[in-house]
């Protein structure tokens, strides 16, 4: 993960944390919640102040109106993702997945997740399809957290469109947002999709 992406995640986490604490929190409170170096937290706070999303008070930081709106958007994304995964995973796991995804997905994907929530169908293994038109990912059932995060970093997550391009003996070639990836069949088996 590059430094800019790390900073983006920390800034979003700070906004979420301050919002969850009633719109204000101390720097020590923020550092306690975010398990990263003080350097990144300090840089993120500076950027949030410069962007007028938070403002310093005597012993704490508070959200500005613009910061409250941004924090609500982050919390809405988190809540949508957590609710969706809460249907198939335990509460703690759904919460952890939401913390990973909330920083990486677009409004289009959030809208697709909302639509998926209304469907009773949970999807079929990606291996059940031949090279095809667009499919929609409904779930990724990979218990290995590192592998799950790797899939997310590649753009493979629920609500995203995926297309099977080709098949090889041990993998399938998929396309997501004009990027092609070879996915091992043992992993592809755990990616659930529906036809669009």
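No value in this document is a laboratory result; all are computed from the given coordinates. On a predicted model such as this, the values are computed, not experimentally measured, just so you know. We place every Cβ from the backbone using ideal geometry, glycine too, and count neighbours over all the protein chains shown.
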What angle do you read, to the nearest 10 degrees and between 0 and 90, between the alpha-carbon axis of helix 38-50 and the longest principal axis of the chain? 80 degrees
From DSSP H assignment alone, runs of 4+ in the chain each adding -39500 (n - 2.57), the sum over residues rounded to the nearest 500 puts [θ] at 222 nm at -15000 deg cm²/dmol
Roughly what angle does helix 91-101 make with the longest principal axis of the chain, taking Cα atoms, 0 to 90 degrees, to the nearest 10? 80 degrees
Computed E for residue 49/residue 154 - FRET, C-beta separation, R0 41 angstrom, nearest 0.05: 0.75
How many nm separate the modelled label positions at residue 83 and residue 62, each set 7 Å beyond the Cα in the direction of the Cβ? 3.0 nm
Placing each pseudo-label 7 Å from Cα in the direction of the beta carbon, residue 72 and residue 31 end up separated by a distance in nanometres of 3.2 nm
One finds the C-alpha centres of region 54-108 and region 124-196 to be spaced, in Å, by 25 Å
For a quick protection proxy, order the peptides 72-84, 137-149 by their average other-Cβ count within 10 Å, most packed first. 72-84, 137-149
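Normalise the Cα radius of gyration of the chain by 2.2 N^0.38 Å (N = residues in it) and let me know the number. Present the calculation step by step, with values, prior to reporting the outcome.
Details: Rg = 18.8 Å, N = 196, 2.2 N^0.38 = 16.3 Å.
Compared with the compact-globule rule of thumb, the chain sits at 1.15.
Between residue 179 and residue 8, 0.36 nm times their residue separation minus their Cα-Cα distance comes to what?
Going from the current span to full extension adds 59.2 nm.
Please work out how much length the chain gains when fully extended from residue 168 to residue 111, using 0.36 nm per residue of separation minus the C-alpha to C-alpha distance, in nm with one decimal.
Taking residue 168 through residue 111 to full extension adds about 17.2 nm, to one decimal.
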Degrees between helix 107-118 axis and first principal axis of the chain (Cα, 0 to 90, nearest 10): 60 degrees
